[in-house]
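Nothing in this text is a laboratory measurement; each read-out follows from the coordinates by a stated rule. Keep in mind the model is a prediction, meaning the values are calculated, not measured. Cβ placement follows ideal geometry from the backbone for every residue including glycine, while neighbour counts extend to all protein chains displayed.
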Amino acid sequence: MLSKRLIACLDVRDGKLAKSVKFVDTKDIGDPVEKAREYYLDGLDELVFYDITASSDKRNIMLDVVEAVAEQVFIPLSVGGGVRSVADATDLRLAGAEKINVNSAAVQRPALIAECADAIGNQNVVLSMDIRRVDASDACPSGYEIVINGGRTPVGRDALAWALEGERLGAGELVVNAIDADGTRDGYELKLTALLAEAVRIPVVASGGAGRPEHLYDALTAGKADAALVASMVHFGDYRVSELKQYLHDRGVKMRMCW
């Protein structure tokens, strides 16, 4: 049985750590490099870095910030936001990223997933999905819709169908960003996470809504996620990474413990 993972998400805007609620009301809250090092030293399993305005601003990710983070942490670093080509993915790998997250550009041109998988390996390509609840329809029978450009643009694509297509095209992992839960600290969208985890054969990361340790436990058990992503609950000092991992370990969740 593989260990479950705890992942911290650094949303970065203009080089500063930022946090939003339901993808709006974004505020700058600190230095991403400083936070990355803090979490790494406290036993974090993996770090995700999102340049949250790269896609909407139609620009490339700030490679200098990626390089600065990569110099401070020696755990897997996954980076996304504005990846539109194999060249972008290659630049990020050279800057220190292990995994590349594709999102908006992949929805607009699905072949991007296959191209990146061929170039850098399936295991290094992550399909990040921003998803909101909608009324079930012929277009979205699952009741969940894909939204792109940092939660700004709904596209009428069913989330379950897109997850399956992403896996077929070569994505090695899915990040399930639940817009309705994002930043609320009321718990992950367990129904959505379990729906996708049961449908695909690749690892699924639960994202959006973590506020208490039990929320992580729920995502990794009832939600059937392979990893839980946290942001607000560690960024604002409510919990430490080591504290969360110890909580999960004590409740029988297999974790990589290093202390």
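Quick look at the numbers
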quantity: Overall dimensions of segment 162-259 as given by Cα atoms, namely Rg and Dmax in Å; calculated: 13.5, 40
quantity: Share, in percent, of DSSP beta bridges within the chain that are antiparallel, nearest 5; calculated: 30 percent
quantity: Segment 96-211: Cα Rg divided by the 2.2 N^0.38 Å rule of thumb; calculated: 1.00
quantity: Total charge dipole magnitude, the chain, about the Cα centre, Cβ charges on Lys, Arg, Asp, Glu only, Debye to nearest 20; calculated: 260 debye
quantity: Which of His235, His215, His249 has the fewest Cβ neighbours within 10 Å, and the rest in rising order; calculated: His249, His235, His215
quantity: Rounded to 5, the percent of DSSP beta bridges in segment 109-259 classed as antiparallel; calculated: 35 percent
quantity: Hydrodynamic radius (Kirkwood) for segment 70-159, which is based on Cα pairs only, to one decimal in Å; calculated: 13.9 Å
quantity: The chain - mean residue ellipticity at 222 nm from DSSP helices (-39,500 (n - 2.57) per run, n ≥ 4, rounded to 500); calculated: -9000 deg cm²/dmol
quantity: Listed pairs Lys35/Lys191; Lys99/Lys191; Lys4/Lys191; Lys35/Lys224 exceeding 22 Å between Cα atoms; calculated: Lys35/Lys191; Lys99/Lys191; Lys35/Lys224
quantity: Segment 5-250: Rg to Rh, with Rh as the Kirkwood radius over Cα pairs; calculated: 0.93
quantity: Exposure proxy order (Cβ contacts within 10 Å, fewest to most) of Leu220, Leu160; calculated: Leu160, Leu220
quantity: Footprinting exposure proxy for Leu41, Leu2 (fewest neighbouring C-beta atoms within 10 Å first); calculated: Leu2, Leu41
